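Written out below as structure tokens is the structure these notes cover.
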Amino acid sequence: MAYEVIARKWRPQQFDDVVGQEHVTRTLKNAIEAERVAHAYLFVGPRGIGKTTTARILAKALNCVKGPTPTPCDACDACREIMSGKSLDVIEMDAASNTGVDYIRELRENAMYAPARGPFKVYIIDEVHMLSAGAFNALLKTLEEPPPHVKFIFATTEPQKIPATILSRVQRFDLRPIAAARIVGRLAEIARAEGIDIDEDALLAVARGAEGGMRDAQSAMDQLIAFQGKTIREQDVMSVFGLVARRTLEELVSAILAGDVPQALTTVSSLVDTGKDLPRLNVELIESFRNIMILIYTKGNPSSLDVTANQVEVLKKQAESTEAERVLRIIEILTDADSRMRYALSQRTLLEVAVIKAARAATVASVEQIIGQIATLKKAFEDGQAPEDSASVKKKHP
Ligand SMILES: [Zn+2]
């Protein structure tokens, strides 16, 4: 049997299978159940997070013989045609390659005719922001008075390029980048079913590399399977993405927190030598310290963190070893470096300086500490029991 790429084979077929977009799928399911489906939707969000997939499921939900239903049957002819992209009633187009007004005029004429199998004709227009001004005008006329059997689903990565007249006539949903932990969960499920031996750190590396995109994560898995076969380790993934291993990143964070500048610089140096992506490393450092900060403020509650169980253990220890004010200062230093990284002549120097400053901020006495010490001293004077090391001061105030 021919190898079928993971993204296609594991494409979600039901609203409940779409990972990380529950705020969208729940609303759509409710709208279908209440028979209040809008005539035009706009799905907004970065690439590869489920916009087209959700659009196809919605098309199926509308046209399934049991539909409109929030749970299309996946067995009837309408469902099967839509799944295989052969439905005459679900027309998918990419606005990036059909930007012109003629194309939209043709669409308008075509939309007048009743659906082949019915009950709806669904137009899915990807990258809709690419349409020309003339094309948007032509589209607007249809959106103002859509034939009752027509539904539009637009998808875009750049909603700010869509005219306000169009935006005011669609129901907009913003899809979110998917949390790394959710991607790890889904990939683990796929790996189990495909008989692929991949550990959690490797899965996490894939998810980190994909930056919230399920499709990118799945393509990376395909690539890894092609290179490595069915046994995949974290190291294999690192080389594909230019990422830093989780443990190395954690060690660097610990070195900074301990104020161990030599150790931190040695780590940075070895990462530079192996050609790691330095701006990316800096961003991951910021995320790590952000996680530590949240753990400090929530007193160790990891529920709002996008991390795996292994990571939580290390983060908790790191959080216990420091205090909030220091972490805030470190985040400021790294964020400042991040904003300058892109234009830096030497990213390496910028990162090294940031790491040194961060390590110093981690150990230099904080204002809170100094105030605390003053308060202790003051109390000791008042009680007439100054600590020994301030005995010389005491003598002046008998
Ligand atoms: Zn069906």
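The values are calculated or read from the model by the stated rules, or taken from the named source; none is laboratory data. Predicted, not measured: the structure shown is a model, and the values here were computed from it. Reconstructed Cβ throughout: ideal geometry from the backbone, glycine too, with neighbour counts over all protein chains shown.
Residues checked against (1) aromatic (F, W, Y); (2) not assigned by TED's automatic domain parsing to the domain that holds G20:
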site: R105; (1), (2): no, no
site: Y113; (1), (2): yes, no
site: Y123; (1), (2): yes, no
site: E127; (1), (2): no, no
site: L131; (1), (2): no, no
site: G134; (1), (2): no, no
site: E144; (1), (2): no, no
site: I162; (1), (2): no, no
site: R186; (1), (2): no, yes
message: I'd like to check which strands (runs of 3 or more DSSP E) are fully inside the stretch 114-179 and have at least 2 residues that are touching a residue at least 40 places away in the same chain (Cβ under 8 Å) and β-branched (V, I, T).
response: 121-126, 150-156
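So which of V268, V237, V307, V272 ends up being out of contact with any Phe, Trp or Tyr (no Cβ under 6 Å at 6 or more places or on another chain) and surrounded by fewer than 18 Cβ atoms within 10 Å (Cβ to Cβ)?
On the way: V268 fails: surrounded by fewer than 18 Cβ atoms within 10 Å (Cβ to Cβ); V237 fails: surrounded by fewer than 18 Cβ atoms within 10 Å (Cβ to Cβ); V307 fails: surrounded by fewer than 18 Cβ atoms within 10 Å (Cβ to Cβ).
The unique qualifying residue is V272.
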task: Name the single residue, out of those in the stretch 38-57 being in contact with a Leu (Cβ under 7 Å, 6 or more places away or on another chain) and assigned to a loop (DSSP other than H, G, I, E, B), that is farthest from the ligand (Cβ to nearest atom).
output: G45
- line: By residue number, the members of the stretch 63-98 that are more than 12 Å from the ligand (Cβ to nearest atom) and more than 23 Å from W10 (Cβ to Cβ) are L88, D89, I91, M93, A95, A96, S97, N98
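Would you call V101 at pLDDT 90 or above and β-branched (V, I, T)? Outline the logic, then answer.
On the way: at pLDDT 90 or above: no; β-branched (V, I, T): yes.
When the stated conditions are applied, V101 does not pass them.
If you check K60, K29, which single one turns out to be in a helix (DSSP H, G or I), assigned by TED's automatic domain parsing to the domain that holds P115 and either in contact with a Gly (Cβ under 9 Å, 6 or more places away or on another chain) or surrounded by fewer than 18 Cβ atoms within 10 Å (Cβ to Cβ) (or both)? Working first, answer last.
Details: K29 fails: either in contact with a Gly (Cβ under 9 Å, 6 or more places away or on another chain) or surrounded by fewer than 18 Cβ atoms within 10 Å (Cβ to Cβ) (or both).
Matching residue, one of K60, K29: K60.
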